[in-house]
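Student: Sharing a structure below in structure tokens format, with a few things to ask.
The values are calculated or read from the model by the stated rules, or taken from the named source; none is laboratory data. Small disclaimer: the values here were computed from a predicted structure and weren't measured. Quick reminder, even Gly has a Cβ in these numbers, built from the backbone with ideal geometry, and neighbours come from all protein chains shown. When the accessible area is computed, the model is the full protein with side chains, heavy atoms only, and any ligands, DNA or RNA have been set aside. Shrake-Rupley method; radii C 1.70, N 1.55, O 1.52, S 1.80 Å.
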Amino acid sequence: MSSSDLSEDQDDVNPALVKLNIYDMYWTNDYTTTIGLGVFHTGVEVYGREFAFGGHPYPLSGIFEIYPRDIDDLGPQFRYKETIELDVTDLPEEDVSKVVECLGKKYPGDGYHLIHKNCNHFAEELVQILCNKPIPSWINRLASAGARLPFLEKMLPKEWLTPLALEEAAGEGDENCENEGRHVHLNNGKPL
């Protein structure tokens, strides 16, 4: 996206607070936090909207929007943990929407991977664009360790890693329930 694609009149824009909403994926964190690791989902909140990335088996944007901190939209495996106020952005809301739309091309749902391209990678990139700050490193520590130590990735069930593996595992379990329980991140959230 070029700077000419963004709004020209930024003199009238009040800076908007950028927040990082963090969620425990409690079914794994109950076991991993004791050793300093956890699996966390993150969403970036700005202008009263929360943007996140999740997997699905289609080559369309995996970025979705929910009401901030609405765990009902995320699903029962998520538990709200905390919000970190990062900084402010001078980008108007309209430009934030354009940035998110452009990132949707880089983050398709079928490109999701728990270790290499997850919600925290998306949050890191969006926060860098909005306010040039990193997200805390502990949030994606498990994925970083998995990327450096490939044997860790091999220890995880395949259906945790990608939406296509999850779809295949769900299809093997019950051929009659073809459309149930696969799109964890998109069932209740609004895909962009």
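Student: Any idea how far the Cα center of region 85-114 sits from the one of region 22-64, in Å?
Tutor: Centre-to-centre (Cα) distance: 15 Å.
Student: Moving on to the next point. With Cβ to Cβ distances under 9 Å as the rule, what net charge do the other residues near Glu45 carry (K, R +1; D, E -1)?
Tutor: With Lys, Arg at +1 and Asp, Glu at -1, the neighbours total +2.
Student: Something else: Keeping all protein chains in place, calculate the accessible area per residue for region 49-143 (probe 1.4 angstrom), answer in Å².
Tutor: Roughly 44 Å² per residue, with all protein chains present.
Student: Can you give me the convex hull volume of the Cα atoms of region 38-81, divided per residue and expressed in Å³?
Tutor: With only Cα atoms used, region 38-81 gives 89 Å³ per residue.
Student: Over region 59-126, one equal point on each Cα, no solvent: what is log10 I(q)/I(0) by the Debye formula at q = 0.11, 0.19, 0.23 Å⁻¹?
Tutor: -0.32, -0.98, -1.31
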